[in-house]
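A short write-up of the structure that comes next.
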Amino acid sequence: MTPQNDRVWEPNVERLAHYRFVDGQVEIYNVRNFIWQDQDTYTTQWETRRYALENIQSVDLIVSHFIAGPVAHAFISFGFADGQHLAFSLEVRQEKEEGFSVLGGFFRQYELALVVGDENDVIYARSNIRDEEVYIYPISIQTTDMQMLFLEYLNQANRLNHQPRWYNTLVSNCTTILFDLMEYAMGNIPRDYRVLLPGLLPDYLYDHTQLDSRFTLDEWKQRAHVNPKTAHLTQGPDQAEPPFSQLIRGH
């Protein structure tokens with residue numbers, strides 16, 4: 001069995017992002033910015049965007065609990081000087097009407113997708129459309145490391161366009177690959193069992209001083225919780241005031 005890119009995919013993973021440098025900036029193709037009404041009703045929007053590496057100012061870890069406990073989905077979002085944010089989410093690339101099985105993820109049932117998307121899509125779809133419990137944690141890393149990590153994610157996107165890869169529930173999932181990319185960008189990073197349980201990543205970050213120690217871990221989890229801040233957005237994230245990405249980072 002070999003992974004493929006030419007199957008009939010679910011619309012939300014139908015296109016793969018890729019990039020190139022144009023006039024000193026990063027031009028990214030197939031940025032997802034869907035408008036969601038419910039899980040089955042949405043407007044598809046695939047965009048081309050440009051970003052300047054020197055404008056990256058922040059990196060956040062987003063943890064989304066689709067069931068209670070330590071099992072969750074984790075992904076990264078980069079913030080820019082002009083207030084924009086861009087999320088990178090390593091996910092199962094499901095075929096049309098295929099559905100998801102954790103067990104199937106052990107046995108080469110799913111290819112891997114890197115969704116590059118607007119937070120109005122990628123985060124809102126989880127917090128408000130799927131009713132997952134979403135948390136956002138700012139990570140303390142150097143600016144040059146942020147830039148290197150951003151490029152490494154984009155290089156992964158280009159690689160997946162040319163070399164499809166299997167998703168694996170244990171060894172090739174949203175967090176193990178995240179740590180692989182961070183090591184490519186930043187050097188060796190200590191790992192423990194929490195790398196396999198994304199719901200425990202906030203504890204990992206706190207223990208490794210990647211979260212501000214002025215707050216306890218419980219205080220961080222309360223501050224990081226997105227859902228109470230977005231529950232009123234019943235007509236979509238565009239109604240948010242302040243703008244959605246600013247709203248979910250408020251305290």
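Assorted remarks:
- Among the candidates 181, 170, residue that is in a loop (DSSP other than H, G, I, E, B), over 29 Å from residue 43 (Cβ atoms) and at pLDDT below 90: 170
- Count of segment 71-84 residues which are over 11 Å from the mean Cα position of the chain (by Cα) and surrounded by 22 or more Cβ atoms within 10 Å (Cβ to Cβ): 1
- Selection within segment 110-150 - without any contact (Cβ under 8 Å) to a residue 12 or more places away in the chain and either assigned to a strand (DSSP E or B) or polar (S, T, N, Q) (or both): 142, 144
- Test: residue 244 is over 28 Å from residue 34 (Cβ atoms), surrounded by 13 or more Cβ atoms within 10 Å (Cβ to Cβ) and of a type outside the set (Asp, Glu): no
- Residues in segment 1-57 that are small (Gly, Ala, Ser) and closer than 28 Å to residue 168 by Cα: 17 only.
- Residue count, segment 123-156 (criterion: touching a Lys or Arg at 6+ places or on another chain (Cβ under 7 Å) and either of a type in the set (A, V, I, L, M) or on the phi > 0 side of the Ramachandran plot (or both)): 2
- Residue, farthest from residue 85 (Cα to Cα), within segment 2-45, restricted to residues that are part of a strand (DSSP E or B) and of a type in the set (A, V, I, L, M, F, W, C): 9
- Any hit, segment 185-192, residues being outside any helix (DSSP H, G or I), among the β-branched types (Val, Ile, Thr) and in contact (Cβ under 8 Å) with a residue 60 or more places away in the chain: no
- Within segment 1-50, the residues that satisfy the criterion of being closer than 20 Å to residue 152 by Cα and free of Cβ contacts under 8 Å to residues at least 60 places away in the same chain are 15, 20, 21, 22, 23, 24, 25, 27, 29, 48, 49, 50.
- Contacts under 7 angstrom Cβ, first residue in segment 212-236 being closer than 15 Å to residue 127 by Cα, partner outside any loop (DSSP other than H, G, I, E, B) and polar (S, T, N, Q), 6 or more apart: 226/127; 227/127; 230/127; 230/128; 233/128; 233/239
The values are calculated or read from the model by the stated rules, or taken from the named source; none is laboratory data. Note that this is a predicted model, so its numbers are computed, not measured. Every residue, glycine among them, receives a Cβ derived from its backbone with ideal geometry; neighbour counts consider all protein chains shown.
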